[in-house]
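Here is the structure we will look at.
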Amino acid sequence: MPNRKRNRRVSMPPQMEGFKPFGIPMRELQSEVLFVEEFEAIRLIDYENLTQEEAAVKMNISRPTFTRLYDKARKHIAKAFVEGKAIIIKGGDYITDDYWYKCRDCNETMVSIKPADHCRICDSDNILPLNK
């Protein structure tokens, strides 16, 4: 009998929507989708230098599940690099404790503990919610 499915906790939104190969217009590229929780796995291991055990605890998942998630993320990134594809960071199955927003006017990414209705940098009300 499988364990219950745990919500994958993500603590920070990506600062960008993705990456693309230099010098090639986006309309000419295929893309590889990297889920937000896969981005979080890469961030925790390769940027924060946590062990897989520590990262799994932060994401509220088992260590074997974390390993599968991290391996999947690495494969998406490697495929994009080798095949010259863009990487789009979006979607997935995750939860957050905060509210995430992106200002469409100044491109600021905001994390707030309560819902926001305007950008804290440029005071614009043209903000896009990033999480569910």
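The values are calculated or read from the model by the stated rules, or taken from the named source; none is laboratory data. This one's a predicted model, so the numbers in the text were calculated from it and none came from an experiment. Cβ placement follows ideal geometry from the backbone for every residue including glycine, while neighbour counts extend to all protein chains displayed.
Structure values in brief
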{"item": "Sole exception among (1) of a type in the set (S, T, N, Q); (2) within 18 Å of the chain's Cα centre (by Cα); (3) assigned by TED's automatic domain parsing to the domain that holds residue 7 for residue 51, by number", "result": "(2)"}
{"item": "Residue within the range 22-36 that is in contact with a Leu (Cβ under 6 Å, 6 or more places away or on another chain) and under 30 Å from residue 126 (Cα atoms) present", "result": "no"}
{"item": "Hey, residue 8 surrounded by 16 or more Cβ atoms within 10 Å (Cβ to Cβ), touching a residue at least 60 places away in the same chain (Cβ under 8 Å) and not assigned by TED's automatic domain parsing to the domain that holds residue 130 or not", "result": "yes"}
{"item": "Residues satisfying the stated conditions in the range 79-130, i.e. aromatic (Phe, Trp, Tyr) and modelled with pLDDT of 90 or more", "result": "81"}
{"item": "Residue selected from the range 35-56 under the condition among the aliphatic types (A, V, I, L, M) and in contact with a Phe, Trp or Tyr (Cβ under 9 Å, 6 or more places away or on another chain), by the criterion modelled with the lowest pLDDT", "result": "36"}
